[in-house]
Amino acid sequence: MKFPGTCIVCKKKIEINEIGLWAKGIGVKHQACADEVELKCLVCGGPAGCPQCEFSADCDLTKVSQLCICKNCNESKDAFNFYQKAVAKKFPILNLKI
Amino acid sequence: MINLMWSEKYRPKNLLDMIGNEEAKESIVNWLGKWMKGSKPVLLVGPPGIGKTTLATICAKQFGYDLIGLNASDIRNKQRIQEILGPVLGNASVLGKPMIFVDEVDGIHGRADYGGVETLIDILKEPTVPIVLAANNDKSDKMKSIKKVTKTIQMRPIPPRLLRLYLEAILKKEGESLSLGTTVKLILQSRGDIRSMLNSAQALVTGFEPTMEKSFVTMDIEESVNTFFKAKSTEEARAILFSLRIDPREKIDAFYSSVISSPLAKEDMQKMLEIISEADMIYGKIMRTQEWRLLKYLDSILVGLFKEGTPVRYSQFNLPWPIINRLRWDGRAIKGIISILSKKMHVSRSDFATFYFPYVLFCMKNKILDLGLDQSTNEIMQKEMAILK
């Protein structure tokens, strides 16, 4: 890198002379971050496990909504309820009571 | 008992009922919460069926706004926009708390719009009420000028695993289940369109059992019409109708041409044509008033055509095949003869066909005239002679 920047994937600094991938209008990311595109699990906050997902071949990770659900959370008994509770907790503004 | 469509029955009632696009939802809530006169309108961009309209509806409801919904056809020209939006924008305080939602703004394009976009942009520049626009695509030049005066919120397709979570939650509420293979297949076929996914799932679990190799979801119009009339129950017929996702006009036309060209008893034909006429009237009303919510009743009307054992088979043409065949092939041969003879008689083809041709046929019938025709043309003329009175 000729100039320092912030990685758009991990939000960490990329220093001068480090290798980064830059695109006009999009930003810069670490080489390692560019290789590992994975959605986040909204319920547990961990990676969604995209490489092992049953839909991995049909899910365009760069285009879909970036929060998903991992296999573990999905297989819990009341998964949809947990998902709704997690949304209400992480995005309290969506839990409107007007 | 009325069977509601799942896409209507489970239409989200609050923002937590909607899946995916949490950041987009957060943005629009923030925008509407802080809205004041002059705030930039919002443009929701995303593929069909992911909840743009639902999001706008829920937000309006939760913030106490009265949603005024329009689509591209309502804002086709300047005069129409002023007629519809003028009273709302000029008397906002009198009308309570209006909020304007314009769907499919990317559908306005070309010369036919007569200043529609320009007038809309003028309104968007100085809004007196909250305005939400929705588009499937924002790449055209017209959209670029709309984007300049709005705040764009991108809505992305829902990850398939989240769709599975949602579908399974609904199946659980309905006390139904589908095999993993069928669920995956449904999700992939819906291409992120939640509405379509729910309709297909409902069609599957309401009794109609397709073979897994070729489910009814992929049926073409011919197969669908034939399977509809061969169905074992009204529920199965309804499931087939739901799954036939084509233009409503095409759907009505397909049933009309199939019914009219099938060998039906007079009473059955009359009853079926009445049903098709009713469907046609409701479609006409939808087109006139643009009240697309009425579309859900179309299938309920058409399902009345189902009666077990009815000998209706799909036909693309609204006349029986033997008649079409005669019109097409015999008509061509007769036209050829008329064209040659009209030149010999120095009259127009139409005059010859109307005034001379019947006499030619009489002369041929009474063996006074022999045109020396080949065998196939002679056979056609024989058929014409047979219907002479």
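The values are calculated or read from the model by the stated rules, or taken from the named source; none is laboratory data. Just so we're clear, the structure is a prediction, and the values are computed from it rather than from any experiment. Please note: Cβ atoms are built from the backbone with ideal geometry, for glycine as well, and neighbour counts cover all protein chains shown. These accessible areas exclude ligands, DNA and RNA; they are computed on the full protein's heavy atoms, side chains included. Shrake-Rupley method; radii C 1.70, N 1.55, O 1.52, S 1.80 Å.
What's the average, rounded to a whole number, of partner chain beta-carbon atoms within 10 Å of each residue's beta-carbon in A:39-47? List each step's numbers first, then the result.
Values: counts 3, 0, 1, 4, 1, 0, 0, 0, 0.
Partner-chain Cβ atoms within 10 Å, mean over residues of A:39-47: 1.
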For chain A, just run the numbers: alpha carbon Rg, then divide by 2.2 N^0.38 Å, N being how many residues it has.
1.33
To the nearest 20 debye, what is the magnitude of the charge dipole of the protein assembly as shown about its Cα centre, counting +1 on the Cβ of each Lys and Arg and -1 on the Cβ of each Asp and Glu?
1160 debye
Kindly work out what percent of the DSSP beta bridges joining two residues of chain A are antiparallel, to the nearest 5.
70 percent
Once ligands and nucleic acids are excluded and a 1.4 Å probe is used, how much of B:Trp31 is accessible, expressed in Å² to the nearest 10?
20 Å²
State the antiparallel share, in %, of DSSP beta bridges confined to the protein assembly as shown, rounding to the nearest 5.
30 percent
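Based on the mean of other beta carbon atoms within 10 Å per residue, what is the order of B:234-240, B:374-380, most packed first? Spell out each step's value before the answer.
Values: B:234-240: 21.4, B:374-380: 11.9.
Highest to lowest by the protection proxy: B:234-240, B:374-380.
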Arranged from highest to lowest average of other beta-carbon atoms within 10 Å per residue, in what order do the peptides B:44-56, B:171-183, B:221-233 appear?
B:44-56, B:221-233, B:171-183
Unit charges on C-beta of K, R, D, E only; dipole of segment B:326-389, Debye
160 debye
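Contact order normalised by length for chain B, with contacts defined as Cα pairs under 8 Å and 6 or more residues apart; what percent is it? It would help to have the intermediate numbers written out before the result.
Details: 464 pairs, mean separation 54.4, N = 389.
Over chain B, the number comes to 14 percent.
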B/A buried area, accessible surface, summed, 1.4 Å probe, Å²
2900 Å²
For chain A, modelled as a Gaussian network with Cα springs under 10 Å, which listed residue fluctuates most, A:Cys44, A:Cys73, A:Cys59?
A:Cys59
Accessible area of B:Ser277, 1.4 Å probe, to the nearest 10 Å²?
50 Å²
15 Å Cα-Cα reach of B:Lys365 towards aspartates and glutamates, excluding residues that sit fewer than 8 places from it in its own chain:
B:Glu379, B:Glu384
State the number of lysine pairs found in segment B:278-363 whose Cα atoms come within less than 23 Å, restricting to pairs 8 or more positions apart or on distinct chains.
4
Within 10 Å of the Cβ of an average residue in B:286-299, the count of other chain Cβ atoms is 0
Accessible area of A:Phe82 in the full protein assembly, 1.4 Å probe (Å², nearest 10)
100 Å²
First check a/c for segment B:232-293, with a ≥ b ≥ c the square roots of the eigenvalues of its C-alpha gyration tensor; if it is under 1.5, answer rounded, and if not, answer prolate when a/b is larger than b/c or oblate otherwise.
oblate
Hull volume in cubic angstrom per residue (convex hull over the Cα atoms of segment A:41-98)
97 Å³
Taking the convex hull of Cα positions in chain B, its mean projected area over all directions (nm²):
27.8 nm²
Out of B:Lys125, B:Lys139, B:Lys285, any idea which swings most in a Gaussian network model of chain B, alpha carbons joined below 10 Å?
B:Lys139
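With a 1.4 Å probe and every protein chain kept in, tell me what percent of the accessible surface of chain A is carbon plus sulfur.
56 percent
Assuming 0.36 nm per residue, please report the length gained on full extension of the stretch B:Ile246 to B:Ser177 beyond their Cα-Cα distance.
Working: separation 69, 0.36 × 69 = 24.84 nm, distance 2.70 nm.
Here the segment from B:Ile246 to B:Ser177 would lengthen by 22.1 nm.
Take the alpha carbon gyration tensor of segment B:119-262, find the square roots of its eigenvalues, order them as a ≥ b ≥ c, and report rounded if a/c is under 1.5; if not, report prolate when a/b exceeds b/c, else oblate.
oblate
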Phi to ³J(HN,Hα) by Karplus 6.51 cos²θ - 1.76 cosθ + 1.60 over segment A:42-57, Hz, x for Gly, Pro:
6, 7, 9, x, x, x, 7, x, 4, x, 9, 5, 5, 10, 3, 6
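Just to be sure I understand: of the beta bridges DSSP finds with both ends in chain B, what percent are antiparallel, rounded to 5?
Working: 1 of 18 bridges.
Of all bridge pairs located within chain B, approximately 5 percent are antiparallel.
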Just counting partner chain Cβ atoms within 10 Å, what average do the residues of peptide A:77-90 show around their Cβ?
3
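Averaging sequence separations of C-alpha pairs under 8 Å and six or more residues apart, then dividing by the length of segment A:1-83, give the relative contact order as a whole percent. Walk me through the numbers on the way to the answer.
Values: 107 pairs, mean separation 17.2, N = 83.
Taking the mean separation of contacting Cα pairs over the length of segment A:1-83, I get 21 percent.
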Can you give me the distance in nm between label points at A:Gln31 and A:Ala88, each placed 7 Å from the Cα along the Cα-to-Cβ direction?
4.7 nm
Cross-link partners of A:Lys71 among lysines (Cα-Cα below 17 Å; sequence separation of 8 or more within a chain):
A:Lys40
With a cut-off of 8 Å between alpha carbons and a minimum separation of six or more residues, what is the relative contact order of segment B:135-294 in percent?
14 percent
One would report the Cα pair-distance distribution of the protein assembly as shown, bin width 10 Å, in %, as 3, 15, 19, 20, 17, 10, 7, 5, 3, 1, 0
Can you tell me the accessible area per residue over segment A:1-67, all protein chains present, probe 1.4 angstrom, in square angstrom?
67 Å²
